[in-house]
Amino acid sequence: MSEKIYLNVREPYSMFSIKTGEGWKPIAQKVINKIIECNSNLPDKSFIYINYIKEKFAGLRINVAYNNVPEEAKKDIENVIKEAQKEASETCEECGTKENVGLRMDGWYTIMCENCMRKFIENNPYYGKFGARWKRFSDGEIIQMTSSVEEQ
């Protein structure tokens, strides 16, 4: 689920992992690209450092640190992060679709489309047997899913 990312930019940078599903990685990449672009335009000894990119409580979390960075550049990066978080909140973390997306509500809260939710249920014996709730964003309907019962 996580791959090592090395930023080939000014030191001190270290490696970090993107700890999200595949569907959110293109969203995170937009933030990384903006930070690389911003760093290339900053004066020496100024840089933006990415501490982590991860999923937590069904949200995209991106934490950055600034070293001697002008306020305008900080605001630009914070806006890009907010846009990425909003986009992720409407995107399936697993496959990246924006169609028929909802929230897996049992166990680990996750933004998933209905298709990925059904695959998750089928591939997970515990949830397949006992079920899991999924709330569709478009109409707020809560569906109880199990591997043997489609909807209750």
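Scanning the stretch 17-31 for residues that are surrounded by fewer than 20 Cβ atoms within 10 Å (Cβ to Cβ) and either in a helix (DSSP H, G or I) or without any contact (Cβ under 8 Å) to a residue 24 or more places away in the chain (or both) yields Glu22, Lys25, Pro26, Gln29, Lys30. Only one of the numbered conditions (1) closer than 17 Å to Ile77 by Cα; (2) within 19 Å of the chain's Cα centre (by Cα); (3) modelled with pLDDT under 90; (4) of a type outside the set (Asp, Glu) is violated by Ile18, and that is (1).
Which of (1) in contact with a strand residue (DSSP E or B) (Cβ under 7 Å, 6 or more places away or on another chain); (2) surrounded by fewer than 17 Cβ atoms within 10 Å (Cβ to Cβ); (3) farther than 19 Å from Lys19 by Cα does Trp134 not meet, given it meets every other one? Of everything listed in (1) in contact with a strand residue (DSSP E or B) (Cβ under 7 Å, 6 or more places away or on another chain); (2) surrounded by fewer than 17 Cβ atoms within 10 Å (Cβ to Cβ); (3) farther than 19 Å from Lys19 by Cα, Trp134 misses just condition (2).
To keep it simple, each residue is scored yes or no on (1) under 19 Å from Met117 (Cα atoms); (2) touching an Asp or Glu at 6+ places or on another chain (Cβ under 7 Å).
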{"site": "Gly21", "(1), (2)": "yes, yes"}
{"site": "Ala65", "(1), (2)": "no, no"}
{"site": "Val69", "(1), (2)": "no, no"}
{"site": "Glu83", "(1), (2)": "no, no"}
{"site": "Thr91", "(1), (2)": "yes, no"}
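For the stretch 72-90, filtering for residues that are assigned to a loop (DSSP other than H, G, I, E, B) and open to solvent by 60 Å² or more (accessible area, probe 1.4 Å) leaves 1. Hey, can you tell me all the residues within the stretch 46-74 that are touching a residue at least 24 places away in the same chain (Cβ under 8 Å), within 30 Å of Asp106 (Cα to Cα), out of contact with any strand residue (DSSP E or B) (no Cβ under 6 Å at 6 or more places or on another chain) and of a type outside the set (Asp, Glu)? If the condition is that a residue be touching a residue at least 24 places away in the same chain (Cβ under 8 Å), within 30 Å of Asp106 (Cα to Cα), out of contact with any strand residue (DSSP E or B) (no Cβ under 6 Å at 6 or more places or on another chain) and of a type outside the set (Asp, Glu), then Phe57, Gly59, Leu60 are the ones that fit. Starting from residues that are among the polar types (S, T, N, Q) and touching a residue at least 60 places away in the same chain (Cβ under 8 Å), keep the ones in the stretch 75-109 and report whichever is farthest from Ile50 (Cα to Cα). Among residues in the stretch 75-109 that are among the polar types (S, T, N, Q) and touching a residue at least 60 places away in the same chain (Cβ under 8 Å), the one farthest from Ile50 (Cα to Cα) is Thr97.
Checking the stated criteria, Lys45 turns out to be on the phi > 0 side of the Ramachandran plot, charged (D, E, K, R) and open to solvent by 20 Å² or more (accessible area, probe 1.4 Å). Across the stretch 91-131, what is the number of residues that are within 17 Å of Ile142 (Cα to Cα), open to solvent by 40 Å² or more (accessible area, probe 1.4 Å) and of a type outside the set (A, V, I, L, M, F, W, C)? Residues flagged as within 17 Å of Ile142 (Cα to Cα), open to solvent by 40 Å² or more (accessible area, probe 1.4 Å) and of a type outside the set (A, V, I, L, M, F, W, C) within the stretch 91-131 amount to 6.
The values are calculated or read from the model by the stated rules, or taken from the named source; none is laboratory data. Just so it is clear, the model here is predicted, and its values are computed rather than measured. Note that we place each Cβ from the backbone using ideal geometry, even for glycine, and neighbour counts take in every protein chain shown. Surface accessibility is based on the protein's heavy atoms, side chains included, excluding ligands, DNA and RNA. Shrake-Rupley method; radii C 1.70, N 1.55, O 1.52, S 1.80 Å.
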